[in-house]
Amino acid sequence: MHNFYQILAMLRHYFFLPALLFALPTIYAQLPDDALMMTKGQWCILTQYTHNSWTNYWEGPTRRSNLNLGVVTTQSAMLGFDYGISRRLNVLGALPYVWTHSSASYLQGQRGLQDFSLWLKYQPFEANVAGGEVRLQATGGLSTPVSNYVADFMPLAIGLGSRTASLRGIVNFTHAKGLYVTLQAGHTWRSDITTDRDAFMYNNQLYYTNRMPVPNLFDASGRLGFINARLQAEVQMSYFTGTSGDDIRYNEMPQPTNRMRATTVGLYAKYFVWQRLALQAAYGQVLNGRNVGQGTTLSGGISYLIGTSRR
Amino acid sequence: MIITHYLRWTVVGLAILFSLSRCEKSPENPVLDPYPETSLDANGGTWKTCVLKSGSEIPVPAPIPPTSSVYQLELEDLKRQMAAATPEQKRLARLWGGNAVLRWHEIARELAAEYNVPPNYNPDGKTYPDPNPNNPAVYPRFPFANPPYTARALALLAVAQYDALVAAWHAKFQHNRLAPYKYDASIQPLIPTNDLPSYPSEDAVIAVASRELLKMLFPAEKEYLDRMAEEHIQSRLWAGANVESDLHAGRVLGQAVANRVLAYARNDGMARAGDQSKMDSIRADAAKRGIREQWHSLDIPERPAMLPLFGYVKTWNFDEATKIALRPPMPPMPGSPEFERDMEELRSIVKNRTREQFRIAAYWADGPGSYTPPGHWNRRAAELIQEKQLNEIRSARAMALVNTALHDAGVTCWDVKYHYMIMRPTEADRSIKTSTGIPNFPAYTSGHSTFSGAAAEVLSYLFPDHANDLQAMAKEASLSRIYGCIHYRFDCEVGLEAGRKVGQYAIQRGRTDGSQ
């Protein structure tokens, strides 16, 4: 059974920027990764603004800053949707516009439409246990860049330029009183990319090719929260790691081949202004990582529900 | 119970996901496949050398005759080694059996890329550490293989290989002892055969000469280079291409030639090229020429200028007076219509840089972590040599001509840069945002343009059927610096033209070296 308002809560996680891990290792997990589903025929539309910035980053295992980068800021404006094909099957999509800036560098910040993502989310099972409900879900997703942006321009690139496919499993328990816990883990396959240069260092070896490998990704997260008809609040912790790739070379710029890893904690709150309209805000902080910026993320969004509940 | 069933299913699913995620991704590199050598260049021993007085300067003792019992023993030993070769050794035999001149240039480019990282600033946030040639493995490792360093390195490598092969050719056709498979039909080499006399082994000569030069240039890589050279030399046995006495004579000759080139390199002026103590007088001289707004490092903290005295390093294909005569006139000064026109072009690119302009700027950037612009053209030369399947001595000649031209281009360009001390466009107008890093030396003239003009000119002479695309590449490399907004158009146009003139001197050497 689904709380009508609760449905809205799901979208916050869907609209992550899968490519932008260096800039945005944030509270957002990699995909639709919480446990909520639209009912048949319902639409939910989300717009969201995100601001991420960092001064320190990890060059391999070493945390450092760089006077020649100063503060690196990535902002995005995103439009997303979720549609209920049936009670057990949802389709979701998202498209962000991203722009970047470095406070110290003379390198020009980049801007543009990034990647369009599409997911199918399937819920094969739910059961009432221990005064609440347990749900198991699986999602599969695809994404592709929608503009010819420059991926090999990190950390000011707006994305990694890869096409991706992902699979994910989700377990959720929601108590009737409103407490809930969600655990999820997934794997993202990422295609090689074609770079503008035709030689690059990878794992301290020179390769004569413009085909650059972009590491696949494993991620997992857990969240603990409370929800009622007006308010939702949540704490979360997430982890992701590239499953191959190299370290940023000492005093060099990052590149898409780097094996990125981050552990992030986050807070999330949502206020239901009206049955169909909700405002949400999130905060995230990278605690530890490798080849990523130690980003702080703030975001705010509005979601709107179209269509009636079939309950 | 149904819940545990689903949970178990979930755990299995996650385990599968995790195991799928273990697979490693890696790009593949092309391999230089062996090809048959169509021409022997029997007069190669008479070609004009660069550092040696001539190919006959270093005598090579006569080999044991193929009829002797000692040579027969060597053949038996060779057959034993071939029979015992492991699959990996056979793979190496094919790898090194390709064009070994080019293989060593590949190694040099790789080292250049690995060492082309500017040192990070010290913890004080104000100063930079200096790479120390006497302690090369300690950070910041020596060398910082920036474009001038790499240009000189590739030229020295190419010259050593070329002179060593001219000397080897001289000895080969003096003694005329052929390859072991010519005397024993039971030897089936793993690589294409030829009629070239095999004493002394050209591969041992190349391996030792290359190893010695690269050891001086990248002193922290001694072990790696020793390993590569031994692998190369031993691979000739696994391939069935040389007997031990071929290799031994090649080692001795390669070392002797390398010693001459090393002596040249120790006195070519590079040792003081990084001297910062002359910067005050350089600035004062430029001011006397009327340059008021001069270049300063845009790195934070301000980084010592890159090799301010590289312009005094010895050139290969012309003398000091010619270098000074090649100096272009003063560029347009801020406030002049010509200067403002070129600035306006950059401002409009900043506002509306196309994806294609970005691509071109990135393709030719060859910045930190790359083999630098000289490495880019070195690679292009290698590709053309491979395409035309030149033999080893002709490959070495082509590489010597191209890489000495690149070195000379670097020297003349650096001479001009620190003669005029022209500021970067971003210094003239801080709103000029770039799509590639701003190099740490004055703007005028463009190094990329000078390198590219010189290399394209020499390669057009060597490979005339590619002249059009080579000239187009040089033009694009030159323009790439405008698209990146790190150079004014006048930097690039004057640099490209100066580079072409530099290239002509290498062509002059090529026309008179006796290889026609």
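For A:ILE193, which sequence-distant residues (separation of 5 or more, or a different chain) have an amide H within less than 5 Å of its own amide H, given hydrogens modelled in the peptide plane?
Result for A:ILE193 returns A:MET212, A:VAL214.
In whole Hz, with x marking every Gly and Pro, tabulate ³J(HN,Hα) for region B:484-491 from phi via Karplus 6.51 cos²θ - 1.76 cosθ + 1.60, θ = phi - 60°.
Taking θ as phi minus 60°, the curve returns x, 6, 9, 9, 6, 4, 5, 4 Hz for region B:484-491.
Among B:LEU73, B:LEU111, rank each residue by its count of other Cβ atoms within 10 Å, from fewest to most, as a rough exposure measure.
With the fewest neighbours first, B:LEU73, B:LEU111 line up as B:LEU73, B:LEU111.
On a 0 to 90 degree scale, rounded to 10, what angle separates helix B:447-462 from the longest Cα axis of chain B?
40
Find, among the chymotrypsin sites (Phe, Trp or Tyr not before Pro) in region B:382-483, those assigned to loop by DSSP (not H, G, I, E, B) with at most 11 other beta-carbon atoms within 10 angstrom.
Numbers: sites: B:TRP414, B:TYR418, B:TYR420, B:TYR444, B:PHE451, B:TYR461, B:TYR483; in loops: B:TYR444.
Sites meeting the loop and neighbour criteria: none at all.
If you rank A:TYR283, B:TYR505 by fewest surrounding Cβ atoms within 10 Å, what's the result?
Values: A:TYR283 15, B:TYR505 22.
By the 10 Å Cβ count, ascending: A:TYR283, B:TYR505.
Quick check on my link table: of B:LYS48/B:LYS288; B:LYS222/B:LYS314; B:LYS25/B:LYS433, which ones sit more than 32 Å apart, alpha carbon to alpha carbon? Don't jump to the answer; show the numbers that get you there.
Details: B:LYS48/B:LYS288 43 Å; B:LYS222/B:LYS314 26 Å; B:LYS25/B:LYS433 35 Å.
Beyond 32 Å between Cα atoms: B:LYS48/B:LYS288; B:LYS25/B:LYS433.
Could you pull out every residue, at least 5 positions away or on a different chain, whose amide H is within less than 5 Å of the one on A:PHE116? Hs are placed 1.01 Å off N in the peptide plane, and Pro or chain starts have none.
Under 5 Å from the amide H of A:PHE116 lie the amide H atoms of A:THR144, A:VAL146, each far enough along the sequence or on another chain.
Could you state the number of Å between the C-alpha centres of region A:56-97 and region B:112-142?
Cα centroid to Cα centroid, the span is 35 Å.
To the nearest 10 degrees, how steep is helix B:467-483 against the longest Cα principal axis of chain B, on a 0 to 90 scale?
Helix B:467-483 sits at roughly 40 degrees to that axis.
What whole-number distance in Å separates the alpha-carbon centres of region B:401-447 and region B:311-377?
5
Give me the Å³ per residue figure for the convex hull around the C-alpha atoms of the protein assembly as shown. Don't skip to the answer; put the middle values down first.
Numbers: hull volume 143.4 nm³, N = 827.
Spelled out: Cα convex hull of the protein assembly as shown, divided by residues, is 173 Å³.
Tell me, what is the percent relative contact order of chain A, built from C-alpha pairs under 8 Å that lie six or more residues apart? Let's see the in-between values first.
On the way: 951 pairs, mean separation 64.7, N = 311.
Averaging sequence separation for qualifying contacts and normalising by length gives 21 percent for chain A.
As a check on your grasp of the helix formula, calculate [θ] at 222 nm for chain A: sum -39500 (n - 2.57) over DSSP H runs of n ≥ 4, divide by the residue count, round to the nearest 500.
-500 deg cm²/dmol
Just need the relative contact order of region A:85-214 here, percent rounded to a whole number, with Cα pairs under 8 Å and 6+ apart.
The normalised contact order for region A:85-214 reaches 18 percent.
On a straight-distance basis, which aspartates and glutamates could pair with B:LYS172 in a cross-link, Cα separation under 15 angstrom, same-chain partners fewer than 8 positions away excluded?
B:ASP41, B:GLU57, B:ASP163, B:ASP195, B:GLU202, B:ASP203, B:ASP246, B:GLU392
Go through region B:244-255 residue by residue and turn each phi into a ³J(HN,Hα) via Karplus (6.51, -1.76, 1.60, θ = phi - 60°); whole Hz please, and just put x for glycine and proline.
These are the phi-based 3J(HN,Hα) values: 4, 6, 4, 5, 4, 4, x, 4, 5, 5, x, 5 Hz.
Within 10 Å of each residue's Cβ, count the other Cβ atoms and sort B:ASP41, B:ASP469 from fewest upward.
Least to most surrounded, the residues fall as B:ASP469, B:ASP41.
Place the peptides B:116-127, A:100-111 in order of packing, highest mean first, counting for every residue the other Cβ atoms within 10 Å and averaging per peptide.
Values: B:116-127: 14.7, A:100-111: 18.8.
Packing proxy ranking, top to bottom: A:100-111, B:116-127.
For region A:215-288, which trypsin sites (Lys or Arg not before Pro) pass both filters: DSSP loop (anything but H, G, I, E, B) and at most 15 other C-beta atoms within 10 Å? Intermediate values should be presented prior to the final figure.
Numbers: sites: A:ARG223, A:ARG230, A:ARG249, A:ARG259, A:ARG261, A:LYS270, A:ARG276; in loops: A:ARG230, A:ARG249, A:ARG259, A:ARG276.
Those satisfying the criteria are A:ARG230, A:ARG276.
Taking only DSSP H segments of four or more residues, each worth -39500 (n - 2.57), what value at 222 nm results for chain B once the sum is divided by all its residues, to the nearest 500 deg cm²/dmol?
Working: 19 runs with 298 residues, N = 516.
Value at 222 nm, helices only, nearest 500: -19000 deg cm²/dmol.
Residues with beta-carbon under 12 Å from that of B:GLU88, excluding B:GLU88: net charge, scoring Lys, Arg +1 and Asp, Glu -1?
Values: positive: B:LYS90, B:ARG91, B:ARG94; negative: B:GLU231.
Overall, the nearby charge balance is +2.
Ordered by residue, what ³J(HN,Hα) values in Hz, to whole numbers, does region B:131-140 give under the Karplus form 6.51 cos²θ - 1.76 cosθ + 1.60, where θ = phi - 60° and Gly and Pro are x?
x, 10, x, 7, 9, x, 8, 8, 4, x
May I ask for the net charge around B:ARG272, where only other residues with Cβ less than 13 Å from the Cβ of B:ARG272 are counted and Lys, Arg are +1 while Asp, Glu are -1?
Values: positive: B:ARG266, B:LYS278, B:LYS314; negative: B:ASP268, B:ASP275.
Its environment carries a net charge of +1.
If you add up the charges near B:TRP295, with Lys and Arg at +1 and Asp and Glu at -1, over every other residue whose beta carbon is less than 13 angstrom from its beta carbon, what do you get? Display every interim value, and only then the final one.
Values: positive: B:ARG283, B:ARG292, B:ARG303, B:LYS417, B:ARG424; negative: B:GLU293, B:ASP299, B:GLU302, B:GLU427, B:ASP491.
Cβ neighbours under 13 Å give a net charge of 0.
Rounded to the nearest 10 degrees, what's the angle between the helix B:372-388 long axis and the longest principal axis of chain B, both from Cα atoms, 0 to 90?
The angle comes out at about 40 degrees.
Before anything else, pin down the relative contact order of chain B: Cα pairs under 8 Å, at least 6 apart, normalised by residue count, whole percent. Kindly include the intermediate steps, with their values, before the conclusion.
Details: 891 pairs, mean separation 95.8, N = 516.
About 19 percent, as a whole number.
With +1 on each Lys and Arg Cβ and -1 on each Asp and Glu Cβ, how big is the dipole of the protein assembly as shown about its Cα centre, in debye rounded to the nearest 20?
In debye, rounded to 20, the protein assembly as shown gives about 2580.
Using amide H atoms built 1.01 Å from N in the peptide plane, name the residues 5+ places from B:ASP275, or on other chains, whose amide H lies under 5 Å from its own.
Long-range HN contacts for B:ASP275: B:LEU309.
Mind checking A:105-112 for the average number of partner chain beta-carbons within 10 Å of each residue's beta-carbon?
Numbers: counts 6, 15, 7, 11, 1, 2, 0, 1.
Rounded to a whole number, the mean comes out at 5.
Bear in mind these aren't lab numbers, they're just calculated from the coordinates by the rules spelled out. Here the structure is a predicted model, which is why all the values come from computation and not from measurement. Heads up, the Cβs are rebuilt from the backbone with ideal geometry, glycines too, and the neighbour counts pull from every protein chain shown.
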